[in-house]
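Data block below; observations after.
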Amino acid sequence: MQTTSKNRLNALLIPLFSILLGFIFGAILMLLFGYNPIDAYSAMLMGVFNSPYFMGEAIRQATVLTFTGLGFAIAFKAGFFNIGVAGQLLAGWVAAIWVALSFPDLPRIILLTLSLGAAIIAGAVWAGIAGALRAYFGTSEVIVTIMLNYTALHLTNYIIRSVLATGNTTEIVGENASLRVGWLTTLTQGSRINMGLFIAIIVVILYWVFMTQTTAGFEVRAVGLNPDASTYAGMSAKRNIILSMLISGGLAGLGGAVHGLGTFGNLFTQSGLPSLGFNGIAVALLGLGNPVGIFFSSILFGVLDVGAGFMPNRAGVPDEMADIVIAAIIFFVGANYVIRLVLDKMQSNKTAEKGGE
Amino acid sequence: MSNIKLRSLLAIGSSALLLAACSGEDASDTSTDEPTTEEDTTADSGDTSGDNTESVDFSVAMVTDEGGVDDRSFNQSAWEGIKEWGQENGLEEGSGYAYYQSDDSSDFVPNFNQALADGYDIIYGIGYLLLDSVNQVADQNPDQHFGIVDDISDRDNVVSLTFKDHQAAFLAGVAAAETTETGKVGFIGGIKGPVIDRFQTGFEAGVAHVDDSIDVDVQYAESFGDAGIGQQIAAGMFSNGADIIYHAAGAVGNGVFTEARNRMESDPDNKLWVIGVDRDQEAEGDYDGGNLTLTSTLKQVGNAVVESTKQAIDEGFPGGETIAYGLEKGGVDLVEGNLSEEAWSAVEEARQGVIDGDIEVPEFTYSN
């Protein structure tokens, strides 16, 4: 809405403040249980930033989170809560690996385009089911996407065992379908960072252009802000619901392809939904729906994720504690609307002495 | 109103910061104390375990699968073995032996690299899920020694430790068939695949060995970590008349125990049993009024890991080799647990039969 300089400042303050609160809360927890938070946090940060390998791993993790975060954010802008990012990611992963294994002899550019394209379509279709049901029958997209997550999980495991392989893992895709690039791998001493990073940066720019510079993006935002008013203004709510869910799922699917072709190079049976899907939700909330914000918050999450692994063996903080601390940070990030509320109240108090409400 | 709230919030925030900053010093004080106390205790344990054990200059690390180190089964068994070995040899956790926990499959490779950076002599991947990661890291670091449990790697710097789980599961099947009163037993597997298939095949064969009219209800949880699914499947099996469930599903089994406990506590007359897996799970079966762990199949992952470590120290690393542990080497077994005398003697008989080769236990449900 109105973009005063104060609002811009808030947009930066709120996430920073929630991150800080999360770290403080994590530190208090560690103190209560007798661990040294400074040791733990420095083990986490030094572990990542002192080693090119783990930096690379953190960025690799952030790359996928950028896709899932953007995917969640666009549906959120249109007023939907797409819990199904994890399932759509999985759908994209399967599609990308399937195509890559089916046509191993195609030239690299064509094969990669095909694989990524198939992943986008698979993710979009998976999310589109929930979008169409919502648009035409008014079913809750939250429930439908949660259920589709499990459908995707078990369907994936079935496809691996019955179609793509005989055991629990598929073959590794050929060189032509891999997203890894030699100089990046060498630069980070063998980490699994890949060209997904560049795709992510391009997508961040495209997302910004779509949302702020195009009519379609304006309609999506308008429907999210007030569906009734937008319908009155002649926009089709149904069309925008489905469109935003398709883009949302497509982005998640692309994330799945980057995870599959970049991180692993194959597909294996999953025992649970990929956590990258759910962390994408937190990333989007922290980034407040701003694509550049989402990019930076996914880097933060990548660092947290990879860095948490250093806490047990370098700072003596047990694994469970490390998980709780990370979860606390995510919690405060997710609860940033509380902080926003407080900041808003503070400002409205300042402008009008009469106070809140 | 809201101003006051905000101020108090800020006050809490800033005091928390202060607290963190102040006690940071305290904590670092205690942390400088800690190593000395740790040295004391290791020195003590060195004394008590006798003067003949010298501290070896060797270090071992393990990377868990998604079940985590406290899955009360597979990973925990490996960790207990490594820990015991480390303590016996006067090593310290964190430098002589350590574990790296994986919360997600994308953690496997970074965990191996972390262990590599920390400089361990042998790094074991616990579970077949880690095979691809072990192979990848082994290729990148040809001079480093690795181990894989439950699967076979063809790399020269990796030792493969496998188990004849079907033999132990066969004995579990015999025990279940001798004990069941409803003529119906259940099997809950983790993730479908060759390893768990061994358990299923062995168990079914063991049941049929005693009485082939007994029904075996087989279901898979598609997970090694989700206790909720275990509880759900167990509820279904018990409701359908099974009175014994054997689980081969890691931490999923905790849900099976929970369901059995709940049922036994609300209806003690209707006796239900659970058969544990990988390590003696008797403690998991405690409930108000008794114990419901019938028996447990043992899979001495810890022993196997320690054995191959000792071999590496004494004779050189058995790289590229596959070592299979069966009933005859004590790599797998069945505990007596709460088995009746009759059932136990049937189990003993079957064990001898398997060791002598009179009974051939099939390994896989599918034939190849």
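The values are calculated or read from the model by the stated rules, or taken from the named source; none is laboratory data. Please read all numbers here as calculations on a predicted model, not as lab measurements. Glycine gets a Cβ as well: all are built from the backbone with ideal geometry, and neighbour counts include every protein chain shown.
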Just name the residue that is nearest to the other protein chains (Cβ to nearest Cβ) out of those in segment A:180-196 that are surrounded by fewer than 18 Cβ atoms within 10 Å (Cβ to Cβ) and part of a helix (DSSP H, G or I). A:Thr185
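Of all residues in segment B:205-225, which are under 22 Å from the mean Cα position of the chain (by Cα) and over 18 Å from B:Glu66 (Cβ atoms)?
B:Val218, B:Gln219 - these are the residues of segment B:205-225 that are under 22 Å from the mean Cα position of the chain (by Cα) and over 18 Å from B:Glu66 (Cβ atoms).
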So which residues in segment A:38-71 are free of Cβ contacts under 8 Å to residues at least 12 places away in the same chain and either charged (D, E, K, R) or within 8 Å of chain B (Cβ to nearest Cβ) (or both), if there are any at all? A:Ile38
Pick from A:Val325, A:Val342: which is at pLDDT below 90 and under 29 Å from B:Ser133 (Cβ atoms)? A:Val325
If a residue has to be among the β-branched types (Val, Ile, Thr) and more than 30 Å from B:Val216 (Cα to Cα) to count, how many in segment B:153-175 make the cut? 2
Evaluate segment B:23-36: report whether one residue or more is at pLDDT below 90, within 30 Å of B:Asp278 (Cβ to Cβ) and under 30 Å from the mean Cα position of the chain (by Cα). no
Take A:Leu273 and decide whether it is surrounded by 16 or more Cβ atoms within 10 Å (Cβ to Cβ) and either of a type in the set (D, E, K, R) or within 13 Å of chain B (Cβ to nearest Cβ) (or both). yes
Yes/no for A:Val333 being modelled with pLDDT under 90, away from chain B (no Cβ under 12 Å) and within 20 Å of A:Ala27 (Cβ to Cβ): yes
State all residues of segment B:64-114 that are in a loop (DSSP other than H, G, I, E, B), modelled with pLDDT under 90 and away from chain A (no Cβ under 13 Å); if no residue qualifies, say none. B:Arg72, B:Ser73
Restricting to segment B:223-247, and then to whatever is part of a loop (DSSP other than H, G, I, E, B) and touching a strand residue (DSSP E or B) at 6+ places or on another chain (Cβ under 9 Å), can you tell me which residue is nearest to B:Glu284 (Cα to Cα)? B:Asp243
For the condition buried (at least 18 other Cβ atoms within 10 Å of the Cβ) and under 22 Å from the mean Cα position of the chain (by Cα), what is the one hit in A:Ala177, A:Ala119, A:Ala135, A:Ala100? A:Ala119
Count - residues of segment B:239-264 that are touching a residue at least 40 places away in the same chain (Cβ under 8 Å) and either of a type in the set (Phe, Trp, Tyr) or away from chain A (no Cβ under 12 Å) (or both): 12
Would you be able to tell me the number of residues in segment B:115-130 that are more than 17 Å from the chain's Cα centre (by Cα), of a type outside the set (Gly, Ala, Ser) and within 10 Å of chain A (Cβ to nearest Cβ)? 2
How many residues of segment B:274-292 are crowded, with 23+ Cβ neighbours inside 10 Å and part of a strand (DSSP E or B)? The answer is 3
Looking at this structure, is B:Ala260 surrounded by 22 or more Cβ atoms within 10 Å (Cβ to Cβ), of a type in the set (A, V, I, L, M, F, W, C), in a helix (DSSP H, G or I) and not assigned by TED's automatic domain parsing to the domain that holds B:Gln76? yes
Name every residue in segment A:26-37 that is facing chain B (nearest Cβ under 8 Å) and of a type in the set (A, V, I, L, M, F, W, C), in order of residue number. A:Ala27, A:Ile28, A:Leu31
Those residues of segment A:96-112 which are touching a helix residue (DSSP H, G or I) at 6+ places or on another chain (Cβ under 7 Å) and assigned to a helix (DSSP H, G or I), in sequence order: A:Ala96, A:Ile97, A:Trp98, A:Val99, A:Ala100, A:Leu101, A:Arg108, A:Leu111, A:Leu112
When you scan segment A:160-170, do you find a residue that is at pLDDT below 95, within 14 Å of chain B (Cβ to nearest Cβ) and either touching a His at 6+ places or on another chain (Cβ under 7 Å) or over 30 Å from A:Arg108 (Cα atoms) (or both), even just one? no
Identify all residues within segment B:261-307 that are over 17 Å from B:Glu336 (Cβ atoms) and of a type in the set (Phe, Trp, Tyr); write none if there are none. B:Tyr287
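Residue-wise test of (1) among the small types (Gly, Ala, Ser); (2) surrounded by fewer than 20 Cβ atoms within 10 Å (Cβ to Cβ); (3) away from every other protein chain (no Cβ under 14 Å); (4) in contact with a Phe, Trp or Tyr (Cβ under 9 Å, 6 or more places away or on another chain).
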site: B:Val159; (1), (2), (3), (4): no, no, yes, yes
site: B:His166; (1), (2), (3), (4): no, no, yes, yes
site: B:Ala175; (1), (2), (3), (4): yes, no, yes, yes
site: B:Gly186; (1), (2), (3), (4): yes, no, yes, yes
site: B:Val195; (1), (2), (3), (4): no, no, no, yes
site: B:Gln200; (1), (2), (3), (4): no, no, yes, yes
site: B:Ala205; (1), (2), (3), (4): yes, no, yes, yes
site: B:Ala208; (1), (2), (3), (4): yes, yes, yes, no
site: B:Asp215; (1), (2), (3), (4): no, yes, yes, no
Go over the candidates A:Leu261, A:Leu251 one by one and state the one that is buried (at least 24 other Cβ atoms within 10 Å of the Cβ) and either within 14 Å of another protein chain (Cβ to nearest Cβ) or in contact with an Asp or Glu (Cβ under 7 Å, 6 or more places away or on another chain) (or both). A:Leu261
From the set of residues in segment B:311-348 that are acidic (Asp, Glu) and surrounded by 12 or more Cβ atoms within 10 Å (Cβ to Cβ), which is farthest from B:Ser77 (Cα to Cα)? B:Glu348
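Are any residues in segment B:115-145 among the small types (Gly, Ala, Ser), more than 14 Å from B:Asp65 (Cβ to Cβ) and not in a loop (DSSP other than H, G, I, E, B), and if so, which ones?
Residues of segment B:115-145 that are among the small types (Gly, Ala, Ser), as a first pass: B:115, B:117, B:119, B:125, B:127, B:133, B:138.
Going one step further and asking which of them are more than 14 Å from B:Asp65 (Cβ to Cβ), we end up with B:115, B:117, B:119, B:138.
Those that are among the small types (Gly, Ala, Ser), more than 14 Å from B:Asp65 (Cβ to Cβ) and not in a loop (DSSP other than H, G, I, E, B): B:Ala115, B:Ala117, B:Ala138.
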